[in-house]
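Read the structure below first, then the notes.
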Amino acid sequence: MDHFTYIDGALHAEGVALSRIAEAVGTPTYVYSTATLVHHYRTFAEAFAGQDVTICFAVKANSNQAVLTTLARQGAGADVLSEGELRRALAAGIPGHKIVISGVGKTRAEIALALESGISQINVESVAEMELISEVATEKGASAPIAVRVNPDVDAKTHEKITTGRKENKFGIDLSLAPDVYARAAGMPGLHAVGVAVHIGSQLTDLMPFRDAFSLVAELVERLRSQGHDIRRLDLGGGLGIPYRAEDPPPPTAYAAMVKDTTGHLGVEVVLEPGRMIAGNAGILLTRVLYVKEGTAKNFVVVDAGMNDLMRPALYDAWHGIVPVAEPPAGAEMAAVDVVGPVCETADIFGHDRVLPMLKCDDLLAIRSAGAYGAVMASTYNSRPLVAEVLVRDDAFAVIRPRQSLAELLGADRIPDWLGT
Ligand code: LLP
């Protein structure tokens with residue numbers, strides 16, 4: 001469910017015509033819908049009514065502070081994985097006690113900032129990291145609340161590049177080693193274990209892998225408790241998929257029922273880290289047609305957005321809906337085209353053989369489902385400035401990140417003395 005719909009033949013974000021945004025802000029531009037963000041957050045939160053849950057939005061999916069503030073106002077916490085994300089979450093008004101930090105490579109500075117911010121949990125990914133957390137906390141005279149992220153060796157049955165819970169993946173500590181790691185944690189100064197964490201992958205469209213992983217983790221909690229560890233929290237990660245095309249992911253209510261089923265008997269607080277489910281379909285990438293190029297094998301529509309702006313199709317062969325901003329009238333002539341960007345890479349393609357109306361230069365297109373892992377993964381490849389981001393609410397819109405200027409982009413380079421004139 002989203003709020004990008006045609007009104008009187010023109011695609012709108014809520015009450016704002018996308019053509020209006022293109023005129024005012026230019027293209028390419030990410031456009032997010034407040035109503036969609038809020039709807040997804042509430043649907044997810046309401047599914048867990050009656051369960052003791054904290055919803056920590058996965059900031060990696062969309063870290064714009066206006067988006068984070070919108071979700072914070074709904075009561076969201078944050079799952080962060082770097083100093084930058086932690087600072088963004090704090091700046092958006094999310095209190096430390098609603099923030100968890102994950103990630104396989106936390107630095108000393110990140111651990112120190114996490115402790116200073118009073119964050120609720122540091123997810124430990126290795127024994128070496130646990131030793132560093134103990135050292136930093138001891139230096140500060142603090143006690144770090146930790147959860148060991150376990151790797152349950154469950155196949156999430158999603159794209160290979162976004163699977164995280166297999167033995168071969170770099171994430172987490174092998175489930176079988178976990179009791180020993182908790183025993184070691186108990187003997188280290190400056191640490192107290194508050195929970196167990198798991199995250200098996202992203203864009204899951206089937207509950208079974210979640211069920212398998214959560215059941216294994218629930219067994220581990222019982223075992224740890226029998227060994228004297230006071231485990232009160234379970235961080236179950238994110239990963240619930242969204243419909244990009246024809247996928248039919250389980251609704252949040254089914255996911256919530258499964259969480260209750262697998263972990264309800266433990267009486268733990270459950271932390272959830274959804275990212276894509278909240279933000280994915282709350283954003284589009286607005287782009288303009290530069291050229292229509294007729295080839296012998298194919299026709300191409302060259303747009304002004306490139307793989308540097310939205311990397312998912314190039315990186316994961318991800319499918320994103322592409323729709324014209326001007327609604328084609330009934331019976332309009334349609335043709336199959338490849339929608340491609342201007343970057344000098346064959347991978348710079350947003351869609352193969354998309355059936356679209358006959359497009360011409362300056363027509364606008366919306367690349368859908370781009371609210372998660374879109375702007376956050378953008379780069380300046382080909383010296384293309386980072387694009388603007390806009391947030392819509394009802395009939396109003398605001399630029400929440402101005403387009404990077406070429407002066408900013410080029411001015412970031414420094415010429416060493418030996419090349420000076
Ligand atoms: N928690 C942890 C520890 C994670 O690593 C992730 C995502 C999440 C939560 C949020 O997962 P979500 O609910 O959004 O599925 N760039 C890829 C996705 C990478 C996901 C990384 N981790 C993409 O564009 O598909």
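The values are calculated or read from the model by the stated rules, or taken from the named source; none is laboratory data. As the structure is a computational prediction, the values presented were derived from the model and not from experiment. Heads up, the Cβs are rebuilt from the backbone with ideal geometry, glycines too, and the neighbour counts pull from every protein chain shown.
Some observations on this one:
- Candidates in the stretch 280-302 are the residues that are β-branched (V, I, T) and modelled with pLDDT of 95 or more; of these, the one that is farthest from L359 (Cα to Cα) is I284.
Residues are listed down the side, and each one gets a yes or a no for (1) over 14 Å from G283 (Cβ atoms); (2) not hydroxyl-bearing (S, T, Y):
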residue	(1), (2)
G9	yes, yes
A22	yes, yes
S33	no, no
V38	no, yes
G50	yes, yes
T54	yes, no
K60	yes, yes
Q65	yes, yes
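- V181 vs. criteria out of contact with any Ser or Thr (no Cβ under 8 Å at 6 or more places or on another chain), surrounded by 15 or more Cβ atoms within 10 Å (Cβ to Cβ) and assigned to a helix (DSSP H, G or I): yes
- Filter pass, G50 being in the same structural domain as Y244 (by TED's automatic domain parsing) and either over 25 Å from L86 (Cβ atoms) or touching a Cys at 6+ places or on another chain (Cβ under 8 Å) (or both): yes
- Only residues that are of a type outside the set (K, R), surrounded by fewer than 17 Cβ atoms within 10 Å (Cβ to Cβ) and modelled with pLDDT under 80 were counted across the stretch 162-178, and they come to 2.
- In a residue-by-residue description of the stretch 80-94, the property of being surrounded by fewer than 21 Cβ atoms within 10 Å (Cβ to Cβ), outside the structural domain of S120 (by TED's automatic domain parsing) and basic (K, R) applies to no position.
- A49 being within 16 Å of the ligand (Cβ to nearest atom), of a type outside the set (V, I, T) and without any contact (Cβ under 8 Å) to a residue 40 or more places away in the chain: no
- Failed condition for P28, given (1) buried (at least 17 other Cβ atoms within 10 Å of the Cβ); (2) modelled with pLDDT under 95: (2)
- A330 passes every criterion in (1) at pLDDT 95 or above; (2) surrounded by fewer than 17 Cβ atoms within 10 Å (Cβ to Cβ) apart from (1).
- Elements of type strands (runs of 3 or more DSSP E) contained in the stretch 229-338, each with 3 or more residues being assigned by TED's automatic domain parsing to the domain that holds H97 and within 16 Å of the ligand (Cβ to nearest atom): 233-235, 269-272
- Meets criteria (within 23 Å of T253 (Cα to Cα), in a helix (DSSP H, G or I) and at pLDDT 95 or above) for F44: yes
- Strands (runs of 3 or more DSSP E) contained entirely in the stretch 63-164, each with at least 1 residues that are in contact with a Ser or Thr (Cβ under 9 Å, 6 or more places away or on another chain) and either away from the ligand (no atom under 16 Å from the Cβ) or of a type in the set (S, T, N, Q) (or both): 121-124, 144-151
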